[in-house]
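Read the structure below first, then the notes.
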Amino acid sequence: MTRLLFWIALVILVVAAVRSKLRAAMVRAQEPSAGPAPASAGADAQAWSRVEDKSEPMLCCARCGVYFPSSEAVRAGGRDYCGPAHAHEAQQDAR
């Protein structure tokens, strides 16, 4: 009886491993490639290159010091602010 349980468990593990590999290969095939990675780099380098492509520079608000994405910047008087309220307050203080 123990031999039977051993063989059943072994078959289940092999099937699970094969399905996992196939699923990972399908996911990799569906993802757009980020370009060729250096020969010395592995899968981690490719993952980081995809992350870096989607990132944007962070700016610091001249009023409160909070960091925010550059696409959300409000520029006034040559400085970057996190929102229109801080830009307005800074202009009021400058007068």
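Kindly indicate which of 83, 77, 35 is at pLDDT below 70 and either surrounded by 13 or more Cβ atoms within 10 Å (Cβ to Cβ) or out of contact with any strand residue (DSSP E or B) (no Cβ under 8 Å at 6 or more places or on another chain) (or both).
Just a single option satisfies the conditions, and that option is 35.
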Here is a list of conditions, (1) within 20 Å of the chain's Cα centre (by Cα); (2) loosely packed, with under 10 Cβ neighbours inside 10 Å; (3) modelled with pLDDT of 85 or more, and residue 72 meets all of them except one; can you say which number that is? (2)
Here is a list of conditions, (1) modelled with pLDDT under 85; (2) surrounded by fewer than 16 Cβ atoms within 10 Å (Cβ to Cβ); (3) small (Gly, Ala, Ser); (4) part of a helix (DSSP H, G or I), and residue 41 meets all of them except one; can you say which number that is? (4)
Return the only residue of 25, 62 being modelled with pLDDT of 85 or more and assigned to a helix (DSSP H, G or I). 25
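The values are calculated or read from the model by the stated rules, or taken from the named source; none is laboratory data. Being a predicted model, the structure only gives us computed values, none of them experimental. Cβ atoms come from the backbone with ideal geometry, glycine included; neighbour counts cover every protein chain shown.
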